[in-house]
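Enquirer: Please see the structure below; I have some questions.
The values are calculated or read from the model by the stated rules, or taken from the named source; none is laboratory data. Just so it is clear, the structure is predicted and the values come from calculations on it, not from any experiment. We place every Cβ from the backbone using ideal geometry, glycine too, and count neighbours over all the protein chains shown. For accessibility, only protein heavy atoms count, side chains too; no ligands or nucleic acids. Shrake-Rupley method; radii C 1.70, N 1.55, O 1.52, S 1.80 Å.
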Amino acid sequence: MQTLEEHCWSCSCTRGRDKKGTRLSTWLAQRAAKAMSSLNSLLSLAYHTLASSEGRSLIRRSLVLFAVGVFLALVLNLLQIQRNVTLFPEEVIATIFSSAWWVPPCCGTAAAVVGLLYPCIDSHLGEPHKFKREWASVMRCIAVFVGINHASAKLDFANNVQLSLTLAALSLGLWWTFDRSRSGLGLGITIAFLATLITQFLVYNGVYQYTSPDFLYIRSWLPCIFFSGGVTVGNIGRQLAMGSSEKTHSD
């Protein structure tokens, strides 16, 4: 009699476990089906977006901005290394243009993001940027930015504070001359802040270092370089977006 009761009890427990296992399997199958459906919808949306004229324009602008960021990174970083402003470990210097391999792709990616973000923010705020919208003005902006970076490595001041104040004035002058938008000023300050934090993190972890640091492991004028670089790349992105929109309307 006891054996029969134990047998019945074990059968009921087994049936309970089987029911729970079945429900769990059914729930997992339903969640997997929903996930696959969402993934298919996302891939379909991405495909149609990239296949459209706006998607192709976005890809072209991203590639151009990436190439500009890589070129500026190679040239300007080489200048900083030659003037012993930035120091990389010896094992990473034996690469293209005597620069660490990760610098050009990181700067290119950042340039693509910033260059696409500027016209997007302008469109979101409903303030299309029309001030000095021609390629001649953009090229002059690039020349001024290169000059500011060159000054940070070449000019000799009594201390870094004087150099920082000079570069800050030049960076604000670049914004006033070629931008003058509230979105450009706000994005430039945000980019300078975030880029400075990332640079301090890299220097703190020994990825590279600055000679004569005077502001939390880095040079105090570095945010000025990031600010002017953000404004410059933003102007390039705006000009590319304007050219793409005009071409789309004409088509």
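Enquirer: When both residues are 6+ apart or on different chains and their Cβ atoms are under 8 Å apart, which pairs have a first residue that lies in the stretch 120-137 and is hydroxyl-bearing (Ser, Thr, Tyr), and a second that is at pLDDT 75 or above?
Expert: Partner pairs satisfying both residue conditions: Ser137/Phe178; Ser137/Asn235.
Enquirer: I'm checking my understanding of the structure. Among residues of the stretch 82-102 that are in a helix (DSSP H, G or I) and touching a Ser or Thr at 6+ places or on another chain (Cβ under 9 Å), which one is modelled with the highest pLDDT?
Expert: Taking the stretch 82-102 first, the residues in a helix (DSSP H, G or I) are 82, 90-93, 96-98.
When the remaining residues are screened for being touching a Ser or Thr at 6+ places or on another chain (Cβ under 9 Å), the result is 82, 92-93.
Details: Gln82: 70, Val92: 53, Ile93: 50.
Going through the qualifying residues, I end up with Gln82.
Enquirer: Does the stretch 123-141 hold any residues that are at pLDDT 85 or above and within 21 Å of Thr190 (Cβ to Cβ), and which are they?
Expert: Selection gives Cys141 alone.
Enquirer: Let me ask you something else. State whether the residues of the stretch 172-188 include one that is open to solvent by 20 Å² or more (accessible area, probe 1.4 Å), part of a helix (DSSP H, G or I) and hydroxyl-bearing (Ser, Thr, Tyr). First the steps, then the outcome.
Expert: Step one: list which residues in the stretch 172-188 are open to solvent by 20 Å² or more (accessible area, probe 1.4 Å), which gives 172-173, 175-177, 180, 182, 185-187.
Within this subset, residues satisfying the condition of being part of a helix (DSSP H, G or I) are 172-173, 175-177, 182, 185-187.
Keeping just the survivors that are hydroxyl-bearing (Ser, Thr, Tyr) gives 177.
Yes, the conditions are met somewhere in the stretch 172-188.
Enquirer: Let me ask something else about it. Any idea which residue in the stretch 209-223 is most open to solvent (accessible area, probe 1.4 Å), counting only those that are touching a residue at least 60 places away in the same chain (Cβ under 8 Å) and part of a strand (DSSP E or B)?
Expert: For the stretch 209-223, the residue satisfying everything is Gln209.
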